[in-house]
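None of the figures in this text is laboratory data; all of them are computed from the coordinates on show. If you're wondering where the values come from, they're calculated on a predicted model, not measured in any experiment. For neighbour counting, all protein chains shown are included, and Cβ atoms are generated from backbone atoms with ideal geometry for every residue, glycine included.
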Amino acid sequence: MSGFSDLGLCDSLTKCCHSLGWKNPLPIQVSSIPPALKGSDIIGTSETGSGKTAAFLLPIFQHWLNSGRPKGYALILAPTRELALQITETANMIMNNFIDQDGKINNPLNVFQLVGGVSAADQAVALAWCQHHFVVATPGRLAEHIRQSSGFALHHLSTIKHLVLDEVDRMLSLEFADDLDLLLNLYERPLSCGSKDKGATFLEK
């Protein structure tokens, strides 16, 4: 496989990659994107800077576009605020090069960051509008919202089709155990999935 289109990505996303100067997919992308597009769960091991963020974002974008761009579609968990911000930046960077059917550059994506260092009250108000497509969160802040609002989990997690745990080796440590137990128990979709109405789970190390 020599190009992003060979991996099964649509023309629009392939053009996004080319606009960013990504001429050829990297090994983690070659390995993970085709099965992810089929709805398989993915466990990937890759070094920092190897393209793993795009490896899980690109297939989720394609599923999202094909599904009519629904709200509350994907949840991406990262162990630190800094990594969550980097993931959000990468998502927007890709979609800022998205060309719609009219041939215009138009970013159709609304990513909501749920991290510390920001007023939890302000975040709750923003979430209440439910205009986000993807949520990128740290486990601690997301768990905080769930514990403080009985209706949060049902309203905001019931529509999730794709779940990503980035740097999963770190997030499986005792530091995140209680928060992850809470989140994954509420996220009732089985980890094994292949049907068309369910998306992929990504575990990235």
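Before moving on, here are some points about what is shown:
- Relative to the current alpha-carbon distance between Val118 and Arg147, full extension at 0.36 nm per residue lengthens the span by 8.7 nm.
- Whether segment 26-141 is rounded, prolate or oblate, judged on the alpha carbon gyration tensor where a/c under 1.5 counts as rounded: oblate
- Protection proxy ranking of 173-186, 134-147 - average other beta-carbon atoms within 10 Å, highest first: 134-147, 173-186
- Spin-label model, Leu20/Trp129: points 7 Å from Cα along the beta carbon direction are separated by 2.6 nm.
- Taking a ≥ b ≥ c as the square roots of the eigenvalues of the alpha-carbon gyration tensor, segment 1-92 is classed rounded because a/c is under 1.5.
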